[in-house]
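Step one of this worksheet: look at the structure below.
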Amino acid sequence: MLIFITRRTLLAIPVLLGIMIVVFLLMRAIPGDPCTSMLGERATPEACVEFNEAN
């Protein structure tokens, strides 16, 4: 049973790493800046500055 748990845990690491890479690349592929994507088209410049400082 310990071997099964160890094997499943070790196999989960590359899967999670792959998911993180795919999500990162998809977020980078979105056109425009992240502020506009997250806050919407009507985001004020002040809101974008605050968003960029927080992230």
Top positive-direction residue, dipole computed over the chain with Cβ charges, set Ile19, Cys35, Ala54: Ile19
Can you give the FRET efficiency to the nearest 0.05 for Phe4 and Ala54, using r as the Cβ-Cβ distance and R₀ = 35 Å? 0.25
List the GluC sites (Glu not before Pro) in the chain that DSSP assigns to loop (not H, G, I, E or B) and whose Cβ has at most 15 other Cβ atoms within 10 Å. Which are they? Glu41
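Only the coordinates and a few stated rules stand behind these numbers; no lab work does. Being a predicted model, the structure only gives us computed values, none of them experimental. Neighbour counts are summed over all protein chains in view; Cβ atoms, including those assigned to glycine, are modelled from backbone coordinates with ideal geometry.
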